[in-house]
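Comments concern the structure below.
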Amino acid sequence: MNSLSHTKTRAGHQERRQDALLVGLRLAGWLATSVMATLGVATLFFWLLGSFTLPGTMLQLDNLTSRYLEADVARRAQFHSIICAVLGLSFGFIAFFRRASFRAAFDVTGGDHD
């Protein structure tokens with residue numbers, strides 16, 4: 001193997017590592033954005049329950065907190081499963097509508113490649 005082919009091989013390995021890093025960063029950004037949008041859905045729900053006012057929202061959160069703390073273990077487990085299901089479905093819907101940006105995260109053909 002001559003030095004030119006060895007240099008090309010090393011450059012190819014480095015380019016693949018850079019591409020993998022690029023895809024990983026894009027996926028992390030996509031995931032972070034989707035999770036934040038999901039939490040925004042939960043925030044919007046409480047904002048809606050509070051008649052789109054901060055005092056009303058705080059009253060709803062206080063009501064939820066007091067009922068949660070007074071509940072027994074079985075009721076808390078039921079609450080956890082409901083919350084996980086609702087947030088999971090919300091994330092699923094958001095991910096579905098953001099599928100184009102998910103696919104774009106794997107596109108590494110840019111202007112900087114030869």
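The values are calculated or read from the model by the stated rules, or taken from the named source; none is laboratory data. Just so it is clear, the structure is predicted and the values come from calculations on it, not from any experiment. With ideal geometry, Cβ positions are generated from the backbone for all residues, glycine too; neighbour counts draw on all protein chains shown.
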Exercise. Do any helices (runs of 4 or more DSSP H) lying entirely in region 29-112 carry at least 1 residues that are in contact (Cβ under 8 Å) with a residue 12 or more places away in the chain and within 30 Å of E15 (Cβ to Cβ), and which ones are they?
Worked result: 73-97, 99-104
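Condition check ((1) surrounded by 12 or more Cβ atoms within 10 Å (Cβ to Cβ); (2) at pLDDT below 95) across all residues:
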residue	(1), (2)
P55	no, no
L89	yes, no
R98	yes, no
S101	yes, yes
A104	no, yes
T109	no, yes
H113	no, yes
Exercise. Of the residues that make up region 32-44, is at least one under 16 Å from A104 (Cα atoms), modelled with pLDDT of 95 or more, surrounded by 13 or more Cβ atoms within 10 Å (Cβ to Cβ) and not charged (D, E, K, R)?
Worked result: yes
Exercise. Tell me, which residue of region 1-21 that is polar (S, T, N, Q) and in a helix (DSSP H, G or I) is modelled with the highest pLDDT?
Worked result: Q18
